[in-house]
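Engineer: Handing you a structure now.
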Amino acid sequence: MTVLPWLVAAWLFAIGIYGIVTSRNFIHLIGCLSVCQSSTYVLLLSIGYRWDAAAPVFYDRPVGTPAVDPVVQALVLTDIVVGATVTALLLAMVIQVDRKYGMLDPQRLRPLLRQGRR
């Protein structure tokens, strides 16, 4: 087992978190959140991968042939669908914020949001 996929996942997560913390634009923030989520794809696939294993299709393989875990692959596909949905929802919300306030800077919007609560 190699640690390279784990390092890649940690690197992607760290880059995404750094981008989220330093972001000055909501669209950039959503992109960095997507980078963080892509680290989960790498992590899940590295957990489910087996060296010298075949695809999980068994119609032409003898019994006992090692195979890659199909459950982890299904989890990654589900994670991708959820990520795309969350990204689309957040981008739709950003469009509404831009229409209402005319800006996408979270720091400049904070005083405007406080005034709306009063």
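Engineer: Could you tell me whether residue 98 is over 25 Å from residue 2 (Cα atoms), at pLDDT 85 or above, open to solvent by 50 Å² or more (accessible area, probe 1.4 Å) and not hydrophobic (A, V, I, L, M, F, W, C)?
Structural biologist: yes
Engineer: I need the full set of residues from region 44-91 which are within 27 Å of residue 3 (Cα to Cα), polar (S, T, N, Q) and assigned to a helix (DSSP H, G or I), in order please.
Structural biologist: Those that are within 27 Å of residue 3 (Cα to Cα), polar (S, T, N, Q) and assigned to a helix (DSSP H, G or I): 46, 73, 78.
Engineer: For region 54-76, which residues satisfy the criterion of being within 15 Å of residue 41 (Cβ to Cβ), charged (D, E, K, R) and open to solvent by 80 Å² or more (accessible area, probe 1.4 Å)?
Structural biologist: Of everything in region 54-76, nothing turns out to be within 15 Å of residue 41 (Cβ to Cβ), charged (D, E, K, R) and open to solvent by 80 Å² or more (accessible area, probe 1.4 Å).
Engineer: Consider residue 79 carefully, then state whether it is modelled with pLDDT of 90 or more and open to solvent by less than 70 Å² (accessible area, probe 1.4 Å).
Structural biologist: For residue 79, the condition - modelled with pLDDT of 90 or more and open to solvent by less than 70 Å² (accessible area, probe 1.4 Å) - is met.
Engineer: Please work out if residue 31 is closer than 24 Å to residue 2 by Cα, in a helix (DSSP H, G or I) and not aliphatic (A, V, I, L, M).
Structural biologist: Criteria not met by residue 31.
Engineer: Restricted to region 101-118, and to residues that are assigned to a helix (DSSP H, G or I) and either modelled with pLDDT of 85 or more or charged (D, E, K, R) (or both), which residue is farthest from residue 22 (Cα to Cα)? Please lay out each step first, then the result.
Structural biologist: Filtering region 101-118 for residues assigned to a helix (DSSP H, G or I) gives 101, 106-117.
Narrowing the set further to residues that are either modelled with pLDDT of 85 or more or charged (D, E, K, R) (or both) leaves 101, 108, 110, 114, 117.
Values: 101: 21, 108: 14, 110: 16, 114: 22, 117: 26 Å.
The qualifying residue farthest from residue 22 (Cα to Cα) is 117.
Engineer: Tally the residues that are over 23 Å from residue 98 (Cα atoms) and of a type outside the set (Gly, Ala, Ser), restricting the search to region 1-34.
Structural biologist: 14
Here's the yes/no breakdown for (1) surrounded by 15 or more Cβ atoms within 10 Å (Cβ to Cβ); (2) modelled with pLDDT under 95:
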{"position": "2", "(1), (2)": "no, yes"}
{"position": "13", "(1), (2)": "yes, no"}
{"position": "18", "(1), (2)": "no, no"}
{"position": "23", "(1), (2)": "yes, yes"}
{"position": "26", "(1), (2)": "yes, yes"}
{"position": "37", "(1), (2)": "yes, yes"}
{"position": "40", "(1), (2)": "yes, yes"}
{"position": "45", "(1), (2)": "yes, yes"}
{"position": "48", "(1), (2)": "yes, yes"}
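The values are calculated or read from the model by the stated rules, or taken from the named source; none is laboratory data. This one's a predicted model, so the numbers in the text were calculated from it and none came from an experiment. No Cβ is skipped: glycine too gets one built from the backbone with ideal geometry, and neighbour counts run over all protein chains shown. Areas reflect the complete protein model, heavy atoms only, side chains present, ligands, DNA and RNA absent. Shrake-Rupley method; radii C 1.70, N 1.55, O 1.52, S 1.80 Å.
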